[in-house]
Amino acid sequence: MIRSSVPPAALLLLATVPCAEADGPMWDMERFGQAPLYEPATGYEWAETATGVEPIFFDGPPFQGQPTRVFAWLGVPEAPPGKKLPGMVLVHGGGGTAFAHWVRMWNDRGYAAIAMDTCGCVPVGTYGNWQRHEHGGPAGWGGWDQIDDPREDQWAFHAVADALLAHSLLRSLPDVDPDRIGVTGISWGGYLTSLIAGVDHRFRLAAPVYGCGFTLDMTFGDSVRALGPEGAERWMKWWDPSSYLAEARMPILWLDGTNDFAYTMNGWQESYRLPSGPRYLCLRIRMPHGHTEGEVPEEIHAVADQILNDGPALCRITSQGRDGDGVWATYEAEVPIAKAELCFTRDTGKWTDRAWDATPAELANGRATATLPEGVACYFLNLTDDRGLVISTEHEEMK
């Protein structure tokens, strides 16, 4: 629903009544499942633009009793005759904002897409220094300093709500198929995507890059503990994806690097084990952490094409195991597997500091096998198909 002016205050208040119970449902999907009103965003000098991608504001949840508006880039390419488009919701990471080029990247692949700012900013300025606008919600990230505020005034509540509303807006558009929409996010956006996957069951696919749950077990754990016992318990209950991931039902592609500074392999593994739906893992040795690197993995595009657009399936690990120093994995693949590698480290201690190596594994009859070198502390197998797409087994730490 597009509009030309802000709706009456009475209508806003009627549509956005805050939760009365602090222990009640966090995100009311009846409320956030309604397409928000939106209008063109004008009067700014954007840091970037992209052909066919439009700047808009849509109505967000109230902040400190005042209505908010959320900036987003929206792109809907021309649909084939008689057909509707799949779609993607794009969740930026720390220091980022809504990016027009990211929307355009998906438009060029035949997807409608929307990328919204989750921190009350507009894409005016430079990376990490974006301009806040007068109708924005709480600033990010983490919301550590907001833990004693009303929960609907905290950053994580608004960031997730903004993504739910962006999804509702996208699925309401006449050229978009509401049953073929996915979500992907990078870093803090991956954290949000992990949380969103457990909240919004309308999504057909989720692809968090780096980000996950179990924050206490990873780099930002000290920020949680610094809130004190009561504050830390509240943050983990309200805002950690581990509180929601068990409810995720859609296929999820998890992407991370072995030495990621923020989202380490232990919390990543704890997170991907919670959902009950199909999962795909892509763990790369020393994958760089960045927004550019998180936008482009072809595994994301391939799984979106598979789930949302009837494309060929990614390789699926069907079982894995170890017998002494012999390790193996079985798999099913529509696209032939070109190679397999054993990825391993002899180091223990901090995940971020471990040195990793890779050596070829054997492939035969839908099975990858390898022998662990002496002194291995942790390992996993990577299978690469003819398209260059990587699917990983779970990692195992040697006891």
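The values are calculated or read from the model by the stated rules, or taken from the named source; none is laboratory data. Worth saying up front: this structure is predicted, and the values here are computed from it rather than measured. Note: ideal-geometry Cβ built from the backbone for every residue, glycine included; neighbour counts use all protein chains shown.
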- Query: Out of all the residues in segment 339-347, is one or more aromatic (Phe, Trp, Tyr), under 26 Å from the mean Cα position of the chain (by Cα) and either surrounded by 15 or more Cβ atoms within 10 Å (Cβ to Cβ) or closer than 30 Å to residue 101 by Cα (or both)?
  - Reply: no
- Message: Can you find a residue that is at pLDDT 95 or above, in the same structural domain as residue 37 (by TED's automatic domain parsing), closer than 21 Å to residue 72 by Cα and part of a loop (DSSP other than H, G, I, E, B) anywhere in segment 176-196?
- Response: yes
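The rows are residues; the columns are (1) crowded, with 24+ Cβ neighbours inside 10 Å; (2) free of Cβ contacts under 8 Å to residues at least 60 places away in the same chain.
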position	(1), (2)
139	no, yes
149	no, yes
189	yes, no
197	yes, no
207	yes, no
213	yes, no
217	no, yes
227	no, no
232	no, yes
- Odd one out for residue 165 among (1) among the aliphatic types (A, V, I, L, M); (2) in contact with a strand residue (DSSP E or B) (Cβ under 8 Å, 6 or more places away or on another chain); (3) without any contact (Cβ under 8 Å) to a residue 60 or more places away in the chain: (3)
- Where in segment 265-374 are there strands (runs of 3 or more DSSP E), lying wholly inside it, with at least 1 residues that are farther than 30 Å from residue 110 by Cβ and touching a strand residue (DSSP E or B) at 6+ places or on another chain (Cβ under 6 Å)? 316-323, 326-332, 337-345, 357-360, 362-364, 367-371
- Would you check if residue 254 is part of a helix (DSSP H, G or I), buried (at least 24 other Cβ atoms within 10 Å of the Cβ) and in contact (Cβ under 8 Å) with a residue 40 or more places away in the chain? no
- Meets criteria (surrounded by fewer than 18 Cβ atoms within 10 Å (Cβ to Cβ), within 30 Å of residue 180 (Cα to Cα) and hydroxyl-bearing (Ser, Thr, Tyr)) for residue 292: yes
- Wholly enclosed strands (runs of 3 or more DSSP E) of segment 58-166 bearing at least 2 residues among the polar types (S, T, N, Q) and in the same structural domain as residue 184 (by TED's automatic domain parsing): 66-75, 129-132
